[in-house]
Amino acid sequence: MQRIGVMTSGGDAPGMNAAVRAVTRQALNLEMEVMGISRGYSGLIKGEITELTDKDVSGRINRGGTFLFTARSEKFKTAVGQEEAISQLKRFGIEGLVVIGGDGSLQGARELEKGGVPTVGVPASIDNDLPGTDYSIGFDTAVNTVVEAVDKIRDTATSHERVFVVETMGRNNGLLTLESGLAVGAEAILIPEIDFDIKEVCQIVKQGYESGKSHNLILVAEGIQDCCLDQPDKKDEHYSAAFQIGDMISQNTGYEVRIIVLGHVQRGGAPSAIDRVTASRMGAEAVKVLISGESGVMIGISRDELIAVDYDVILEKEKKIDTSLYELAKILG
Ligand code: ADP
Ligand code: F6P
């Protein structure tokens, strides 16, 4: 293999730049050329492809976002889009591709693989929802962002003795919410994977105040809106999960409630040291695996060791949450 490509795709995650840097520098070290594909599959279809040099990735390791830009492409999901993408790869002489992104992006990589393009995936998503790896790039930074924000919210919550309902990201899962909730000592954590009874949540709030607490922090995953809230008429982005839960708490308890939707703040910022190290290790390994002739795999981390996991194994499964963490958060909160 003499020339490989690298792209970032789907939702951006802090540490993507560090991963692109690692792919580029490892490939150059192994005397290969690297082509950077801008704007994910959308840019690939359009041929937005330029060579990456050592200098292009300098000063990137500490930056959030992705300097290659990212995008979502409906066209790429079609056979026509995939054929166009493959012909662009041929046109630019790209013999193998590293795709850095979440589960959707790796499903796309699997389609390219089926079309004869060797691909290796690198998991990057603040949701950390890819099975086959303990961590996805960006998760650690996002947890730290939530913790920093909630620590600040706690100050004002305590001063006014208020209930705060804080909504965190997580399209279909509650991993970010659960780990952040444990880290801030939330009084209750609501995630799509675990059924909850709003009456019980109200009871927790009441008991909290009765036992002398000066605030109540409830962390809510955005994904509970689709699975757990029985208010189809109220399903819209301006009345998201946190607002619905907040209304129910104030109606049932009479306490003063404030709502915070943390939103895209959670996707930005300088990557944490853990995300930089993980991205560097995974990106470099992806290149090694690709040139060894193996492909159709995602580089994961299990018990701090790098592993290569078949796309079919990860993409057919759902990542399970650790229910013992949930139970622990309940006891400690
Ligand atoms: P993420 O990678 O963060 O999960 P998305 O789910 O939005 O983000 O996926 C990113 C892109 O990957 C999509 O816009 C689409 O181009 C491609 N993709 C997602 N699912 C598939 C699929 N089943 N087949 C082909 N391409 C897909
Ligand atoms: O998958 C990452 C994620 O940040 C989810 O947590 C969230 O639901 C979604 O992306 C938001 O995507 P968009 O970029 O379309 O706002």
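No value in this document is a laboratory result; all are computed from the given coordinates. This structure is a prediction, so every number in the text was calculated from the model and none was measured. Note: ideal-geometry Cβ built from the backbone for every residue, glycine included; neighbour counts use all protein chains shown.
General observations
- Lys, Arg +1 and Asp, Glu -1 on Cβ, resulting dipole of the chain about Cα centre, debye, nearest 20: 860 debye
- If the segment from E318 to K199 were pulled out straight at 0.36 nm per residue, it would be longer than the present Cα-Cα gap by 39.9 nm.
- Student exercise, the range 141-267 dipole from Lys, Arg, Asp, Glu Cβ charges, in Debye to nearest 20: 280 debye
- Mean-position separation - Cα centroids, the range 196-229 and the range 259-298, in angstrom: 33 Å
- The Cβ shell under 13 Å around L176 holds other residues with a net charge of -4, Lys and Arg each +1, Asp and Glu each -1.
- Positive-pole candidate from Y326, N17, T158, dipole of the chain, charges at beta carbon: N17
- Extension gain, D247 to I307, is 17.1 nm, computed as 0.36 nm per intervening residue step minus the present C-alpha separation.
- Computed lengthening from T53 to L28, 0.36 nm per intervening residue step minus Cα-Cα distance: 8.2 nm
- Converting phi to 3J(HN,Hα) with the Karplus coefficients 6.51, -1.76 and 1.60 and the offset θ = phi - 60°, the range 212-221 yields x, 5, 9, 7, 9, 10, 10, 9, 10, 7 Hz in sequence order, with x at every glycine or proline.
- Of K199/K320; K90/K317; K77/K319; K152/K213; K46/K75, those spanning more than 21 Å from alpha-carbon to alpha-carbon: K199/K320; K90/K317; K77/K319
- Computed over the chain, the per-residue total of -39500 (n - 2.57) for DSSP H runs of n ≥ 4 gives a 222 nm mean residue ellipticity of -13000 deg cm²/dmol, rounded to 500.
- Cα convex hull of the range 120-215, projected area averaged across orientations, nm²: 6.7 nm²
- Counting charges near E318 (Lys, Arg +1; Asp, Glu -1) among other residues having Cβ under 10 Å from its Cβ returns a value of -1.
- Between the beta carbons of S87 and E148, assuming R0 = 45 Å, the FRET efficiency works out to 0.45 to the nearest 0.05.
- Cα-centre dipole for the range 251-333 with unit charges at Cβ (Lys and Arg positive, Asp and Glu negative), debye to 20: 320 debye
- Cα lying deepest toward the dipole's positive end in the range 79-127, options I126, V99, G115, charges on Cβ: G115
- Degrees between helix 273-291 axis and first principal axis of the chain (Cα, 0 to 90, nearest 10): 30 degrees
- Based on the reciprocal of the average 1/r between different C-alpha atoms, the Kirkwood radius for the chain equals 20.8 Å.
- Estimated FRET transfer efficiency when R0 is 51 angstrom, pair K330-N62 (beta carbons, to 0.05): 0.85
- Alpha carbon convex hull of the range 141-267, projected area averaged over orientations, nm²: 7.0 nm²
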